[in-house]
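Student: Can you keep this structure in mind? I'll have questions shortly.
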Amino acid sequence: MTDVYIKTSDLRPGIVLSENVFVNTNHAIIRKNTVLLPEHLEVLNVFGVREVKIEEQSVVKREEDLEVEDGEVNPDQVLTSIPLKQTDLKTAYRQAVEKYKKEFIGWRAGTKPDVAKVRSILLPVLEDFVKQKRMLNLLNDITNPKDYLYHHSIAVGVLASAISMQMGHPKGQALQLGLAGALADCGMAKIDAAITDKSAFLTKEEFNEVKKHAIYSFQMVQDTPLLRQEMKLAIFQHHERLDGSGYPKGSKMDQITVFAQILAVADVFHAMTSERLYRSKESPFKVIEMIKEEEFGKFDLKVVQALHDLVGNLSIGMKVKLTNGETGEIIFIHRDARLRPMIKKEDGTTLDLTINRRIAVEKVLD
């Protein structure tokens with residue numbers, strides 16, 4: 001089989017490229033042996049590519065057949081396309097938050113945490129979210145600012161468990177970490193409600209009081225046999241940072257366990273992507289970028305990458321809403337900036353988010 005050059009204006013879906021396509025970059029914008037889709041043709045047009053090298057005997061497939069090869073099915077796509085789960089999971093999540101709130105009110109009154117009860121509240125939701133990974137992106141949409149503290153505890157448990165599984169940890173370990181995540185802030189019950197429920201930024205003195213919750217949380221769960229010792233330590237350390245800037249001890253690097261790092265990333269991610277009484281929420285995609293760049297050196301990059309793979313995994317063809325309110329379709333993803341793709345907007349114009357840094361993907365649309 002010989003290869004020939006063809007004008008991009010003559011290309012059509014189904015043609016196979018026989019060499020990489022480069023445009024002022026060390027990385028190919030489209031790779032050799034790619035079966036061209038309409039999105040690829042749009043990318044070539046945007047980058048001004050005039051001709052490409054193709055296999056002369058390229059077989060043109062029908063567009064409706066291009067998504068999967070014969071006999072191949074992507075199990076993740078099948079699993080995440082089940083429509084009835086979305087409403088059911090939202091309802092289950094909200095019910096878990098309400099049940100957790102009742103438990104928390106009891107802790108404020110002086111009762112010890114019933115860890116078995118918290119586990120029974122959390123586990124069904126954990127397992128459903130793990131099955132429906134795409135639903136993790138909805139956590140910031142269904143958080144109620146008024147009841148943020150209770151939403152945050154359930155969400156951190158869910159995220160921590162999902163990150164743990166994404167990193168290849170055994171299921172039992174991941175579920176234990178989810179339970180630790182849900183209990184990481186139980187010590188907030190020992191903080192004056194006037195501080196925890198405050199609808200404005202905390203003073204330095206108030207923040208110093210809040211910092212004590214990591215110690216209180218550890219003390220409240222230290223006697224339970226239902227949490228492994230390494231999970232109790234993770235609760236104690238979930239506000240420590242690798243560079244020593246965290247609390248309560250200012251631990252650094254190897255002094256901080258990987259389980260604590262997972263709780264830390266889950267905690268920060270949900271906090272920054274949730275609407276609060278005193279500030280608006282940030283885009284999940286922008287937050288992952290901020291954790292990677294602005295908070296570099298504070299978090300384990302393997303943990304951050306696992307979170308990225310779970311909730312920031314964009315792909316060509318996705319419909320997205322941007323932080324400026326516009327919507328469009330992803331037509332190209334940069335290898336070194338996957339959170340900042342090229343977007344074809346509804347008016348037909350294109351927007352490269354690597355150039356327009358003030359704009360980010362806000363959410364993926366169904």
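The values are calculated or read from the model by the stated rules, or taken from the named source; none is laboratory data. Note that this is a predicted model, so its numbers are computed, not measured. For neighbour counting, all protein chains shown are included, and Cβ atoms are generated from backbone atoms with ideal geometry for every residue, glycine included. Accessible surface is based on the protein model in full, side chains and every heavy atom, while ligands, DNA and RNA are left aside. Shrake-Rupley method; radii C 1.70, N 1.55, O 1.52, S 1.80 Å.
Student: Determine whether region 347-355 contains at least one residue that is under 17 Å from the mean Cα position of the chain (by Cα) and either open to solvent by less than 20 Å² (accessible area, probe 1.4 Å) or over 23 Å from residue 273 (Cβ atoms) (or both). Break it down stepwise before answering.
Tutor: Here is the first cut: in region 347-355, the residues under 17 Å from the mean Cα position of the chain (by Cα) are none.
Checked against the condition, which is being under 17 Å from the mean Cα position of the chain (by Cα) and either open to solvent by less than 20 Å² (accessible area, probe 1.4 Å) or over 23 Å from residue 273 (Cβ atoms) (or both), region 347-355 yields no hits at all.
Student: Given 263, 242, which one is touching a Gly at 6+ places or on another chain (Cβ under 6 Å) and aliphatic (A, V, I, L, M)?
Tutor: Working: 242 fails: touching a Gly at 6+ places or on another chain (Cβ under 6 Å).
Within the list 263, 242, the selection yields 263.
Student: Could you list all residues from region 197-215 that are open to solvent by less than 60 Å² (accessible area, probe 1.4 Å) and part of a helix (DSSP H, G or I)?
Tutor: Hits for region 197-215 are 206, 209, 210, 213, 214.
Student: Return the residues of region 236-268 that are of a type outside the set (S, T, N, Q) and farther than 22 Å from residue 287 by Cβ; say none if nothing qualifies. Spell out how you get there, then give the answer.
Tutor: To start, the set of residues in region 236-268 that are of a type outside the set (S, T, N, Q) comprises 236, 238-244, 246-250, 252-254, 256, 258-260, 262-268.
Passing the criteria: 236, 244, 248, 249, 250, 252, 253, 254.
Student: Could you count how many residues in region 248-275 are closer than 18 Å to residue 155 by Cβ and of a type in the set (Val, Ile, Thr)?
Tutor: In the first step, residues of region 248-275 are kept if they are closer than 18 Å to residue 155 by Cβ; the result is 259-275.
If we keep only those that are of a type in the set (Val, Ile, Thr) too, we end up with 262, 265, 268, 273.
Residues in region 248-275 being closer than 18 Å to residue 155 by Cβ and of a type in the set (Val, Ile, Thr): 4 in total.
Student: Hey, another quick one. Which members of region 293-312 meet the condition of being buried (at least 16 other Cβ atoms within 10 Å of the Cβ) and either aromatic (Phe, Trp, Tyr) or at pLDDT below 85 (or both)?
Tutor: 295, 299, 311, 312
Student: May I ask you to list the residues in region 85-143 that are under 25 Å from the mean Cα position of the chain (by Cα), modelled with pLDDT of 90 or more and small (Gly, Ala, Ser)?
Tutor: Passing the criteria: 96, 120.
Condition check ((1) among the hydroxyl-bearing types (Ser, Thr, Tyr); (2) crowded, with 22+ Cβ neighbours inside 10 Å; (3) more than 29 Å from residue 146 (Cβ to Cβ)) across all residues:
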{"site": "223", "(1), (2), (3)": "no, no, yes"}
{"site": "226", "(1), (2), (3)": "no, no, yes"}
{"site": "234", "(1), (2), (3)": "no, yes, no"}
{"site": "240", "(1), (2), (3)": "no, yes, yes"}
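Student: What are the residues in region 136-159 that are surrounded by fewer than 24 Cβ atoms within 10 Å (Cβ to Cβ), free of Cβ contacts under 8 Å to residues at least 60 places away in the same chain and over 13 Å from residue 94 (Cβ atoms), if any?
Tutor: 149
This table checks each residue for (1) out of contact with any Lys or Arg (no Cβ under 7 Å at 6 or more places or on another chain); (2) modelled with pLDDT under 50.
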{"residue": "30", "(1), (2)": "yes, no"}
{"residue": "50", "(1), (2)": "no, no"}
{"residue": "64", "(1), (2)": "yes, yes"}
{"residue": "74", "(1), (2)": "yes, yes"}
{"residue": "79", "(1), (2)": "no, yes"}
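Student: I'm trying to understand the selection: among the residues of region 246-260, which are out of contact with any Gly (no Cβ under 7 Å at 6 or more places or on another chain) and open to solvent by 70 Å² or more (accessible area, probe 1.4 Å)?
Tutor: Passing the criteria: 249, 253, 254, 255.
Student: Which pairs turn up if I take residues in region 40-57 that are under 16 Å from residue 4 (Cβ atoms) and open to solvent by less than 40 Å² (accessible area, probe 1.4 Å) and look for partners that are modelled with pLDDT of 75 or more and assigned to a loop (DSSP other than H, G, I, E, B) with beta carbon separation below 6 Å, at least 6 apart in sequence or on another chain?
Tutor: From region 40-57, the pairs are 54/15; 54/18.
Student: Moving to a separate point now. If you go through region 2-22, how many residues are within 13 Å of residue 49 (Cβ to Cβ) and touching a helix residue (DSSP H, G or I) at 6+ places or on another chain (Cβ under 6 Å)? It would help to see each step written out before you state the result.
Tutor: Let us first name the residues in region 2-22 that are within 13 Å of residue 49 (Cβ to Cβ), namely 5-11, 17, 19-22.
Checking the rest, the ones that are also touching a helix residue (DSSP H, G or I) at 6+ places or on another chain (Cβ under 6 Å) come to 8, 11.
Of the residues in region 2-22, 2 are within 13 Å of residue 49 (Cβ to Cβ) and touching a helix residue (DSSP H, G or I) at 6+ places or on another chain (Cβ under 6 Å).
Student: For region 160-172, which residues satisfy the criterion of being crowded, with 17+ Cβ neighbours inside 10 Å and part of a helix (DSSP H, G or I)? Lay out the reasoning, then the answer.
Tutor: Within region 160-172, the first condition is being crowded, with 17+ Cβ neighbours inside 10 Å, and the residues that meet it are 160-167, 169.
Residues satisfying the conditions are 160, 161, 162, 163, 164, 165, 166.
Student: Right, something else. Among residues belonging to region 235-259 that are part of a helix (DSSP H, G or I) and closer than 17 Å to residue 296 by Cα, point out the one that is modelled with the lowest pLDDT.
Tutor: Result: 254.
Student: Would it be correct to say that residue 182 is of a type in the set (Gly, Ala, Ser) and in contact with a Leu (Cβ under 8 Å, 6 or more places away or on another chain)? Talk me through it step by step, then tell me what you get.
Tutor: Values: of a type in the set (Gly, Ala, Ser): yes; in contact with a Leu (Cβ under 8 Å, 6 or more places away or on another chain): yes.
For residue 182, the condition - of a type in the set (Gly, Ala, Ser) and in contact with a Leu (Cβ under 8 Å, 6 or more places away or on another chain) - is met.
Student: Something else about it: Which of the residues that make up region 101-119 are farther than 25 Å from residue 145 by Cα and either touching a residue at least 60 places away in the same chain (Cβ under 8 Å) or in a helix (DSSP H, G or I) (or both)?
Tutor: Residues satisfying the conditions are 112, 115, 116.
Student: Just to be sure I understand, how many residues within region 173-196 are outside any helix (DSSP H, G or I) and either buried (at least 16 other Cβ atoms within 10 Å of the Cβ) or touching a residue at least 24 places away in the same chain (Cβ under 8 Å) (or both)?
Tutor: We begin by selecting, within region 173-196, every residue outside any helix (DSSP H, G or I); these are 184-185, 191-192.
Within this subset, residues satisfying the condition of being either buried (at least 16 other Cβ atoms within 10 Å of the Cβ) or touching a residue at least 24 places away in the same chain (Cβ under 8 Å) (or both) are 184-185, 191.
Number of matching residues: 3.
Student: Same structure, new question: I want to confirm something. Restricting to region 270-291 and keeping residues that are modelled with pLDDT of 80 or more and out of contact with any helix residue (DSSP H, G or I) (no Cβ under 6 Å at 6 or more places or on another chain), which single residue is most open to solvent (accessible area, probe 1.4 Å)? Walk me through how you get there before you give the answer.
Tutor: Kept after step one, since they are modelled with pLDDT of 80 or more, are these residues of region 270-291: 270-274, 282-291.
Now restrict to residues that are out of contact with any helix residue (DSSP H, G or I) (no Cβ under 6 Å at 6 or more places or on another chain): 271, 274, 283, 285-286, 289-290.
Details: 271: 18, 274: 0, 283: 8, 285: 6, 286: 72, 289: 23, 290: 34 Å².
By that ranking, first place goes to 286.
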